[in-house]
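What follows is calculated from the coordinates using simple rules that are stated; it is not laboratory data. Predicted, not measured: the structure shown is a model, and the values here were computed from it. All Cβ positions, glycine included, derive from the backbone under ideal geometry; neighbour counts span all protein chains shown.
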Amino acid sequence: MKKHLPLIVRILISALFLLSAVAKSFPIWAFEKQLVDLGIVNWCNAPYLARLIIALETAIAIAILQRHYIKSFVIPITVLLLIAFCSHLGMQMYEHGAMNGNCGCFGQLIPMTPLEAFIKNVITILMLIYLYRNVTDKEKGENRFSIILLIYFFAAFLLFFFFPFCPCKNTSETNVTTPPIVFDSSTIIVDTFNKSNADTAINSIKTKDTLVAIKDTSKGIYSIIVEPTKTISKFSMYTDFNGKTVNLDEGKKIVCLFVPGCDHCRDAAKEMVKLSRKHKLPPAYVLFMNEETFKIPEFYKETKINYPYHLIEDIPTFFKLLGNNGSTPGVFYLWNGNMIKSYEGIEKNKFNAEEMIKAIESNQIH
């Protein structure tokens, strides 16, 4: 057993790094988002750094099983990498607590708190120290550093080949901003009047920041509908939904930001379907993230939604639409381009169907 222990340890370390690499890759956008949320890189550089880190873990998993410079380079560089990770985890624990959040070591596959990840790294370092004392490099003159480089470059090639992405574009699409709401939230929303006193009724509620629509609801009785002034929303650039031109800033619209393979997104879509069976909803449209797009038909089949969709090619743009540190699913209720209700993620601001329908049916603009 003692004779084979170094080999067993090498296999365990290799499996650990390979599991970490695979877990971060599915879905890889979640790892990219984590790098951005941590402030390490911006969205333009996140796809590159994410793939290079995963490639490094894959290369270590392979290199630890061979003997070219295993003692003089592979093990020391792996220990230094783990020490750097431990330092980062230490800062995270100091700032946010040892048991808060998912460190992302194993992506979304195996959530780990910073403390759990720290302990895992310390144990791995101890295993590497044992390995350092019990393995040797190849004989002098037989070591080839080119083998180590080849392993890494091959791993990096595979990551960029199997996980392609669109480079960041310096266009208005990637510089998404939310325009200010320009209506008077204290305005009376609905009023009725006889035709004889129409002018008085309209003048009593009309403001410079509102549009007033007049509808004949019954014989001789009219309704004044006060609407928010039309503005340009952050979704205005998306007009093509399944081949049809749509103006999301005109009238009442519901915009959903979903990821095809996201279970929480599917749950939100199912809630929307249930809501539509009880209430008349404004037209709804889906903006899908360009990730696992082959699951879009499955998404529609499972949730039974029939909303037209548009595919956002640039993943950074998708997340910018959700807002700072935003998470999926995102559901937004717009009125003339104004953001009336917005929901994102699965925590404090998660989708609230009852709250949204109240805002829609009562014509609330605040």
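Summary table below
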read-out: Three-way shape label, segment 84-162, alpha-carbon gyration tensor, a/c 1.5; value: oblate
read-out: Approximate shape of segment 5-162 as ellipsoid semi-axes (Cα gyration tensor, √5λ), whole Å, largest first; value: 27, 19, 12
read-out: Charge context of Phe17, other residues only, Cβ under 14 angstrom, K/R +1, D/E -1; value: +2
read-out: Burial ranking of peptide ranges 66-73, 140-147, 24-31 (average Cβ count within 10 Å, highest at the top); value: 24-31, 66-73, 140-147
read-out: Cα→Cβ-extended label distance, 7 Å offset, between Lys252 and Asn352, nm; value: 1.8
read-out: Residues whose placed amide H lies under 5 Å from that of Phe241, excluding near-sequence neighbours; value: Val246
read-out: J(HN,Hα) series, segment 140-150, from Karplus relation 6.51 cos²θ - 1.76 cosθ + 1.60, nearest Hz, glycine and proline x; value: 4, x, 9, 5, 10, 5, 4, 5, 5, 5, 4
read-out: Cα shape, segment 240-361, gyration tensor, a/c 1.5 rule; value: rounded
read-out: Peptides 350-356, 283-289 ordered by average Cβ neighbours within 10 Å, highest first; value: 283-289, 350-356
read-out: Per DSSP, loop trypsin sites (Lys or Arg not before Pro) in segment 277-336 with at most 16 further Cβ within 10 Å; value: Lys280, Lys304
read-out: Enclosed volume per residue, in Å³, of the convex hull spanned by Cα atoms of segment 120-161; value: 86
